[in-house]
Amino acid sequence: MVRLTGYAAGGGCSCKLPAGELEAMLAGLAGQTDERLLVGLAHGDDAAVVQPPGGGPAVVATADFFAPVVDDPYDFGRIAATNAISDVYAVGGEPLVALNLLSWPRELLPMDVAAEVLRGGAAVAAAAGCLLAGGHSIDDREPKYGLAVTGTADPAQLITLDAGRAGLPLSLTKPLGVGVLNSRHKATGEVFPAAVEAMTTLNRDAARAARAAGIRCGTDVTGFGLLGHLYKLCRASGLGADLDVAAVPLLAGAAEAVRDGYVSGGTRRNLDWVAPHLDAGTAAEDAVLLLADAQTSGGLLVAGEVPGAPVVGVLRAATADAATLRLR
């Protein structure tokens, strides 16, 4: 079998540009304002949301693609599509239509392998009730796949980074650890079915449950890790947060993967970015690394309680004498 991860310098959401560098690059664009733009660049939310003229449902737009995190092409397609569609769920929307985004080294990898990637993406789109209609492909030295997704949302039920309130509990809908397990898979070829299952589970049900519970603040946990995405939420809402390290769910094998050194550069950059705003208390270094682990197709982190999802912390008022994020 072709080992797709061997053709990728990195993989999944760990390939994201470092958060600090990305924000500096986008700083000149964040000031754009238009009353039609309900969610834009201001806080780095998961998708753009636009109100069309005349009212009615808002339009949600996003795009996401990356290099392989697993060797199986069908699973790679499923993971990339699940991850891209997640951005629509993360802002409280429902996906409507998607376009394939494919980069492929046609002289290095057979086109029937690319077809399997696309088949995986199509399977996830169908499961999400999202139409898949064409897209764009290029000849590239490294395989990459993802989707550009358009969805709809009720403007009164949007889930955004800046809507947090002190005292609200923080719930996490998927376990952490896919980043370190993917790194181990890339290095050794070991397959971790539980990680694949997590990465191919749509956030649809969690997002619908969050909306039904009246939750209006949240994000999904992807390349910046739990700590990075929680920091962005706290910063946008003007709050701090206390995180209960022992309450955060982990995939089987994740702790061992950290212990054995399968930590990506993206994860370490995440921790470097949040470190000035973090009071780690007595938390062990390996535990903190898992909290910063660059997730691919992670779960939702929401300010409120979702049935079946563990409460992992609480939002609190920000104070000058306390770090934005505190571990306990």
Query raised in the report: Can you name the number of the only condition in (1) over 17 Å from P175 (Cβ atoms); (2) over 17 Å from the mean Cα position of the chain (by Cα); (3) of a type in the set (S, T, Y) that Y262 fails?
Result: (1)
Report summary line: The residue that is surrounded by the fewest Cβ atoms within 10 Å (Cβ to Cβ), considering only those in region 287-309 that are more than 23 Å from E256 (Cβ to Cβ) and among the β-branched types (V, I, T), is V306
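Quick one: which residue in A241, A284, A322, A213 is more than 29 Å from A9 (Cβ to Cβ) and buried (at least 18 other Cβ atoms within 10 Å of the Cβ)? Give the steps one after another, and end with the answer.
Working: A284 fails: buried (at least 18 other Cβ atoms within 10 Å of the Cβ); A322 fails: buried (at least 18 other Cβ atoms within 10 Å of the Cβ); A213 fails: buried (at least 18 other Cβ atoms within 10 Å of the Cβ).
Of the residues listed, the single one that is more than 29 Å from A9 (Cβ to Cβ) and buried (at least 18 other Cβ atoms within 10 Å of the Cβ) is A241.
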Report summary line: Here the residues within region 91-123 that are part of a helix (DSSP H, G or I) and either without any contact (Cβ under 8 Å) to a residue 12 or more places away in the chain or of a type in the set (G, A, S) (or both) are M111, D112, A114, A115, G120, G121, A122, A123
Report summary line: The condition of being crowded, with 16+ Cβ neighbours inside 10 Å and charged (D, E, K, R) holds, among D154, D162, D112, only for D162
Report summary line: Over region 230-264, the set of residues touching a residue at least 12 places away in the same chain (Cβ under 8 Å) and of a type in the set (D, E) is D242, D244, D260
Report task. Could you tell me whether L181 is in contact with a strand residue (DSSP E or B) (Cβ under 6 Å, 6 or more places away or on another chain), assigned by TED's automatic domain parsing to the domain that holds L250 and surrounded by 24 or more Cβ atoms within 10 Å (Cβ to Cβ)? Result -> no
Query raised in the report: Do we find a residue being in a strand (DSSP E or B), under 24 Å from V196 (Cβ atoms) and of a type in the set (V, I, T) anywhere in region 78-90?
Result: no
Query raised in the report: Would you pick out the residues in region 29-76 that are in a strand (DSSP E or B) and among the small types (G, A, S)?
Result: A48, A58, A61, A63
Query raised in the report: Listed residues K174, K186; which is of a type in the set (K, R), surrounded by 20 or more Cβ atoms within 10 Å (Cβ to Cβ) and closer than 24 Å to I85 by Cα?
Result: K174
Query raised in the report: Does region 124-141 hold any residues that are under 20 Å from the mean Cα position of the chain (by Cα) and assigned to a helix (DSSP H, G or I), and which are they?
Result: V124, A125, A127
Query raised in the report: Does V2 satisfy the condition of being among the hydrophobic types (A, V, I, L, M, F, W, C) and modelled with pLDDT under 90?
Result: yes
**Report entry** Selection status of A283, farther than 25 Å from A318 by Cα and not acidic (D, E)
**Finding:** no
**Report entry** region 283-328: number of residues that are charged (D, E, K, R) and either under 14 Å from L233 (Cβ atoms) or touching a Lys or Arg at 6+ places or on another chain (Cβ under 8 Å) (or both)
**Finding:** 2
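For the structure I just gave you, tell me whether Y74 is within 27 Å of G214 (Cα to Cα) and of a type in the set (F, W, Y).
Taking the combined requirement at face value, the residue does not satisfy it.
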Report summary line: Within region 19-51, restricting to residues that are out of contact with any Lys or Arg (no Cβ under 8 Å at 6 or more places or on another chain), of a type in the set (V, I, T) and surrounded by 14 or more Cβ atoms within 10 Å (Cβ to Cβ), the one that is modelled with the highest pLDDT is V49
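Determine if region 65-72 includes at least one residue that is in contact (Cβ under 8 Å) with a residue 24 or more places away in the chain, out of contact with any Phe, Trp or Tyr (no Cβ under 9 Å at 6 or more places or on another chain) and of a type outside the set (D, E). Full working, then the answer.
Step one: list which residues in region 65-72 are in contact (Cβ under 8 Å) with a residue 24 or more places away in the chain, which gives 65-72.
Keeping just the survivors that are out of contact with any Phe, Trp or Tyr (no Cβ under 9 Å at 6 or more places or on another chain) gives 71-72.
After this cut, where a residue has to be of a type outside the set (D, E) as well, the list is none.
Within region 65-72 (the criterion being in contact (Cβ under 8 Å) with a residue 24 or more places away in the chain, out of contact with any Phe, Trp or Tyr (no Cβ under 9 Å at 6 or more places or on another chain) and of a type outside the set (D, E)), the answer is no, since none of the residues qualifies.
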Query raised in the report: Among the residues of region 150-201, how many are assigned to a loop (DSSP other than H, G, I, E, B) and farther than 30 Å from G134 by Cα?
Result: 16
Query raised in the report: Is there any pair with a first residue in region 42-59 that is on the phi > 0 side of the Ramachandran plot and a second that is not in a loop (DSSP other than H, G, I, E, B) whose Cβ atoms are under 6 Å apart and which are 6 or more apart or on different chains, and what are they?
Result: G44/K232
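Might you check whether a residue that is over 21 Å from G10 (Cα atoms) and either β-branched (V, I, T) or not assigned by TED's automatic domain parsing to the domain that holds D45 (or both) occurs anywhere in region 117-128?
yes
The values are calculated or read from the model by the stated rules, or taken from the named source; none is laboratory data. Everything numeric in this text was worked out from a predicted model, so none of it was measured. So basically every Cβ, Gly included, is an ideal-geometry build from the backbone, and we count neighbours across all protein chains shown.
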